[in-house]
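Read the structure below first, then the notes.
Quick note: the coordinates plus some simple rules give every number you see, no bench work behind them. Everything numeric here is computed off the predicted structure, so don't read it as measured data. For neighbour counting, all protein chains shown are included, and Cβ atoms are generated from backbone atoms with ideal geometry for every residue, glycine included.
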Amino acid sequence: MSKSIVVGSTLAILGLGGLAFGAWQIQEQPDGPRYAEIVDVEALTRTVETPREVCENVQVQQPVQQQSQPQARSSDPNKLLGSAAGAVVGGLLGNQVGGGSGKKIATAAGAIGGALAGREVQDRVENRQRAQAGQSQPQTRTVTREECRTVVDTHQETEGYDVSWRDGESVRTTRLENKPDGERVLLENGSPDWRNTREG
C-alpha cells in the first residue's frame with residue numbers, strides 16, 4: 001500500500017470525525033430563547049355600586065291654617081219670631097176644629113203647639129246657616145321645599161385578566177393583574193416570564 005493512500009485515508013477518517021463532532025456540537029447547543037404565543041386575553045370585571053344623595057327644590061300645595069271664626073250670635077236668641085209665627089199658624093188651624101168652648105180650647109192648644117213647632121223650626125234653620133258658613137273652601141298656598149332621594153351609580157371595574165398562551169400543542173391560562181403588552185411571552189424553564197413580552 002502506498003504511503004499516499006494511507007495518508008489520504010487517515011485524513012478522510014479525521015475529516016469525517018470532525019464533521020460528526022461538529023454536528024453533535026450543533027445539536028447540543030441551545031436554539032436561543034423560546035417564546036409562547038399569547039392566543040387570548042379576557043378581562044375580568046365586577047360591577048361597583050356607589051350610592052349618592054340627590055336633592056332638588058319642588059313646589060307643593062300646603063293648607064293654610066285658618067283661625068276659627070266665632071259663631072255669629074243669633075239675632076233672635078229666644079226664638080220669638082218662630083214662636084210667634086208658629087202660634088199664629090197653630091191658632092188658625094185650631095180655630096177650624098170644634099165649636100163653642102171647644103173651639104177656644106182647640107185654638108189655644110193650636111197656638112201653644114204652633115209656638116213650640118215654630119221655635120224648633122227657627123232653631124234648625126239657624127243651625128243650618130251657621131254650619132254652611134263654617135264650611136268655607138279650605139285655602140292653600142304654594143311653598144317650595146327641598147326633597148332628597150338616594151340614587152345608585154354603577155360602573156365596571158377591572159379586577160384582572162385571564163391570559164391564554166400556547167407552547168407547542170399545549171394551551172394554558174394564567175391570571176394576571178395587568179394586561180400583557182405583546183403577542184408573545186418569553187419562556188423560562190417552560191414557564192412564561194410576563195415581564196418579557198414582545199410583538200409578533
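If r is the Cβ-Cβ distance from GLU49 to THR144 and R0 is 41 Å, what FRET efficiency results, to the nearest 0.05?
Values: r = 32 Å, r/R0 = 0.77.
The pair GLU49/THR144 has a calculated efficiency of 0.85.
For each of TRP165, TRP194, count neighbouring Cβ atoms within 10 Å of the residue's Cβ, then give the residues from fewest to most. Please report the intermediate quantities before stating the final value.
Working: TRP165 22, TRP194 18.
Going from least to most buried by this count: TRP194, TRP165.
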(request) Work from the charge dipole of region 135-199 (Cβ charges, +1 for Lys and Arg, -1 for Asp and Glu, about the Cα centre) and give the residue of THR144, GLY182, GLN156 farthest towards its positive end. (result) THR144
(request) Rank these for me by crowding, LEU186, LEU176, going from fewest to most other beta carbons within 10 Å. (result) LEU176, LEU186
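Order 153-160, 54-61 from most to least packed using the mean count of other Cβ atoms within 10 Å. Write down the numbers at each step before the final one.
Details: 153-160: 10.2, 54-61: 8.8.
Result, highest mean first: 153-160, 54-61.
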(request) Extending each Cα 7 Å along its Cβ direction at ASP162 and GLU183, get the distance between those two points in nm, one decimal. (result) 2.4
